[in-house]
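Notes follow once the structure below has been shown.
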Amino acid sequence: MLLFLDPAELGTYLDAFNCKSCGDGNLISTDPLSYTAEYACDECHASVSRADLDTVEDDLVEKVEAVDTSDVEAVAALLNECLEHVRPTNYLALSLKRHLVHLYGRTPGWRLNEALAERKAGFCRELLSAFDVVAPGLTKERGLTLFELVSVKLFTFASNNNNNNSDDQVDLLKTCLVDLKDAVACLENERPGTFEHMVRLTAEKQMEQCGELIEVLKFAQFSQP
């Protein structure tokens with residue numbers, strides 16, 4: 001209930017728009033319990049009617065619902081369009097970022113590189129922060145997002161394979177283990193044969209592999225003169 005009483009929605013800004021007056025602030029409701037209340041900027045205090053924002057939001061909702069969610073370029077382009085009007089953690093932006101999180105690194109022509117990995121990791125963390133507030137606990141979406149975040153961390157590990165600082169590599173793998181353990185817990189009750197169940201099995205296998213890699217790196221450290 002507190003989420004709906006706070007204009008900033010407990011810091012999630014799920015319904016916040018960009019302020020066109022100052023370009024920096026969040027346009028948030030002046031009365032969260034009234035759908036017709038004006039929105040005001042938390043920086044410059046400029047105000048906009050809910051009716052005007054409805055026009056923008058309805059247009060974006062229609063486009064989000066119509067976009068081909070398997071088309072990386074189309075989803076990314078629509079996200080850029082949305083971000084011209086809404087804050088980065090607005091629910092419409094997050095819904096598109098959720099699709100991109102599952103597409104980056106898993107779609108032909110969109111293999112991870114350093115820039116794409118950083119973008120994907122950022123989207124994952126934004127989603128997880130929102131889940132912490134609006135859907136806390138061991139949820140399916142949290143588990144799937146953690147799994148995707150680990151994919152970025154493992155990419156980083158592989159990219160830094162020649163890194164002489166094995167302590168950093170071990171620490172990175174340990175964070176993978178923590179995230180994978182949480183992901184498995186989130187997906188524990190998914191039915192066999194479902195996509196989520198297959199992700200859980202993969203996460204369990206990755207936990208084993210991360211544990212083995214940690215032992216190898218520790219042994220290599222111990223063996224160094």
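The values are calculated or read from the model by the stated rules, or taken from the named source; none is laboratory data. In this text the structure is predicted, and so the values were computed from the model without any measurement. Note that we place each Cβ from the backbone using ideal geometry, even for glycine, and neighbour counts take in every protein chain shown.
Checking the stated criteria, VAL56 turns out to be touching a His at 6+ places or on another chain (Cβ under 6 Å), over 29 Å from LEU149 (Cβ atoms), assigned to a helix (DSSP H, G or I) and in contact (Cβ under 8 Å) with a residue 12 or more places away in the chain.
Contact annotation: residue pairs with Cβ atoms under 8 Å, 6 or more positions apart or on different chains, pairing a residue in the range 196-219 that is assigned to a helix (DSSP H, G or I) and at pLDDT below 95 with a partner that is aliphatic (A, V, I, L, M) and surrounded by 14 or more Cβ atoms within 10 Å (Cβ to Cβ), are LEU213/LEU173; ILE214/VAL170; ILE214/LEU173; ILE214/LEU177; LEU217/VAL170; LEU217/LEU173; LYS218/VAL170.
Applying the set (1) surrounded by 16 or more Cβ atoms within 10 Å (Cβ to Cβ); (2) free of Cβ contacts under 8 Å to residues at least 12 places away in the same chain; (3) of a type in the set (A, V, I, L, M) to LEU79 leaves exactly one unmet item: (2).
The single condition from (1) of a type in the set (Asp, Glu); (2) at pLDDT below 95; (3) under 17 Å from the mean Cα position of the chain (by Cα) that ASP168 fails is (3). For CYS186, the conditions (1) without any contact (Cβ under 8 Å) to a residue 24 or more places away in the chain; (2) touching a Ser or Thr at 6+ places or on another chain (Cβ under 7 Å) all hold with the exception of (1).
Search the range 181-207 for residues being over 19 Å from the mean Cα position of the chain (by Cα) and of a type in the set (Val, Ile, Thr), and hand back the single one that is surrounded by the most Cβ atoms within 10 Å (Cβ to Cβ). The residue in question is THR202. When LEU154 is tested against the conditions (1) surrounded by 15 or more Cβ atoms within 10 Å (Cβ to Cβ); (2) more than 21 Å from ASN113 (Cβ to Cβ), the lone failure is (2). Consider the range 7-27 and keep the residues that are under 26 Å from PHE131 (Cα atoms) and out of contact with any strand residue (DSSP E or B) (no Cβ under 9 Å at 6 or more places or on another chain). The one that is surrounded by the fewest Cβ atoms within 10 Å (Cβ to Cβ) is GLY11. Listed by first and then second residue, the pairs linking a residue in the range 62-75 that is within 14 Å of ARG106 (Cα to Cα) to a residue that is among the hydrophobic types (A, V, I, L, M, F, W, C) and part of a loop (DSSP other than H, G, I, E, B), with Cβ atoms under 8 Å apart and 6 or more places separating them unless they lie on different chains, are VAL72/TRP110. Output the residue which, of all residues in the range 60-103 that are part of a helix (DSSP H, G or I) and among the β-branched types (Val, Ile, Thr), is nearest to ALA8 (Cα to Cα). Among them, the one singled out is VAL61.
Residues that are without any contact (Cβ under 8 Å) to a residue 60 or more places away in the chain and under 12 Å from the mean Cα position of the chain (by Cα) within the range 89-102 comprise ALA93, SER95, LEU96, LYS97, ARG98, HIS99, LEU100, VAL101, HIS102, listed in sequence order.
Only one entry in SER159, SER129 is within 26 Å of ARG87 (Cα to Cα), touching a residue at least 40 places away in the same chain (Cβ under 8 Å), of a type in the set (S, T, N, Q) and surrounded by fewer than 17 Cβ atoms within 10 Å (Cβ to Cβ), namely SER129. Scanning the range 28-51 for residues that are surrounded by fewer than 13 Cβ atoms within 10 Å (Cβ to Cβ) and either in a helix (DSSP H, G or I) or touching a helix residue (DSSP H, G or I) at 6+ places or on another chain (Cβ under 9 Å) (or both) yields LEU33, SER34, TYR35, THR36, ALA51.
Could you list all residues from the range 153-195 that are under 25 Å from GLY137 (Cα atoms) and not in a helix (DSSP H, G or I)? Within the range 153-195, LEU187, GLU188, ASN189, GLU190, ARG191, PRO192, GLY193, THR194 meet the criteria.
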